[in-house]
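Below is one structure; the comments refer to it alone.
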Amino acid sequence: MFLAKNIAKNIAKSCIANLPQRWNPDSGGRQDSMKHRAPSLLERGIRLPLGGYELHLQLRGRPKADTKKAPKKEPKAAPKAAPKKVLEKQFDPSRHQAPFRMHIGPGQHWQKPTAHWIAVDVDPERGDLVIDFNDFTRFPLPDASVVAIYGSHVFEHMSVYATPLVFRECRRILQPGGVLRLILPDAEKSLREYVAGNASFSLFARRRARALQRYGIEYTLFECMREDFLSRSGQKVLGKEALAHQNAWDFETIVADLTRAGFSRVERSAFQGSSNDEFRFEGTYPSEANESDRSLYVEAS
Ligand SMILES: C[S@@+](CC[C@H](N)C(=O)[O-])C[C@H]1O[C@@H](n2cnc3c(N)ncnc32)[C@H](O)[C@@H]1O
């Protein structure tokens, strides 16, 4: 009781002593400007002698919520936009002479033999008709308006979901008797070379050298073979991390796929082995079609 009384007395005394000095005696009783005012009671707190100690009471406001805006987080870099997929609207069939011929994925060296030919590619610099076959619905061409379709080392760039539709569309736009000529990586050949452990197979040696140069890694024999089925694209227009090869065939399987798409005749062919004059350009310019030791040549109608 005595201690409590003593504390209360001391608090009262201290409060009086600590009253804020609103009036500055040196200024003749004028109210001190806020700038020079003594720190307030709240600011100073109260000091109470307590035995041999001093009790310091100070009211502190709750720390204000930090109203400063946190620096805006840099938005995560959006994945590199893949190109607008189907740009068929820009395609003007009237600039091509009917009946049409179509070259799918011509690459950069092919020269159009006549105005009948329509180049189709995901790369606008290569295609009259710019299409990403992995986001494809249909060719903007009427049924039976095309007499020949050529595609060398391009169908394996389309997913297993895409190719059935692409083959059906090829069938739809081809005239009866029109020919689809495909040159594909010969997956069976690669598998045989892999099983035989043939690291000197020219395709494997090339892939090994390229992996070393591009990615700084030593490819195993399996990785050399795997690129027939799965490989990185690196083609800017497709965006980062796009796949290049994502489908593969042996002869039996391409026959099955093309038959399912509505073709009634599917035959094995050879380099420059077409009886159809439309494809006479084969072998006349740098193309993967020229690599006969690793390509599968097929014609369907
Ligand atoms: C490996 S190159 C083959 C070029 C040439 N036909 C040859 O035999 O050398 C593949 C071609 O298909 C095109 N291509 C790749 N992926 C594609 C896709 N998803 N849709 C449409 N074209 C694609 C490329 O731009 C390129 O012209």
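Read the figures in this text as sums done on the coordinates, not as results from a lab. Since the structure is predicted, the reported quantities are computational estimates derived from the model, not experimental observations. Every residue, glycine among them, receives a Cβ derived from its backbone with ideal geometry; neighbour counts consider all protein chains shown.
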Residue match in segment 208-219 (condition: farther than 19 Å from T253 by Cβ, within 16 Å of the ligand (Cβ to nearest atom) and not hydrophobic (A, V, I, L, M, F, W, C)): yes
Members of segment 157-189 found to be within 13 Å of the ligand (Cβ to nearest atom) and basic (K, R), listed by number: R181
Filter pass, P142 being touching a helix residue (DSSP H, G or I) at 6+ places or on another chain (Cβ under 8 Å), in a loop (DSSP other than H, G, I, E, B) and over 15 Å from R294 (Cβ atoms): yes
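Please specify each residue of segment 144-172 satisfying the condition of being of a type in the set (A, V, I, L, M) and either within 27 Å of the chain's Cα centre (by Cα) or crowded, with 22+ Cβ neighbours inside 10 Å (or both). Please lay out each step first, then the result.
Step one: list which residues in segment 144-172 are of a type in the set (A, V, I, L, M), which gives 144, 146-149, 154, 158, 160, 162, 165-166.
Matches in segment 144-172: V146, A148, I149, V154, M158, V160, A162, L165, V166.
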Selection within segment 108-137 - within 9 Å of the ligand (Cβ to nearest atom), touching a residue at least 24 places away in the same chain (Cβ under 8 Å) and closer than 15 Å to R181 by Cβ: W110
Residue under evaluation V195, criteria (1) within 16 Å of the ligand (Cβ to nearest atom); (2) farther than 23 Å from S159 by Cβ; (3) exposed (fewer than 15 other Cβ atoms within 10 Å of the Cβ), criterion not met: (1)
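Among E241, E218, which is the only one that is in a loop (DSSP other than H, G, I, E, B), of a type outside the set (S, T, Y) and on the phi > 0 side of the Ramachandran plot? Write out each step before concluding.
Details: E218 fails: on the phi > 0 side of the Ramachandran plot.
Checking each option against the conditions leaves just E241.
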Single residue of segment 232-268 satisfying the filter (crowded, with 18+ Cβ neighbours inside 10 Å and of a type in the set (G, A, S)) that is nearest to E299 (Cα to Cα): A261
Residue match in segment 253-267 (condition: within 11 Å of the ligand (Cβ to nearest atom) and either of a type in the set (S, T, Y) or over 19 Å from L165 (Cβ atoms) (or both)): no
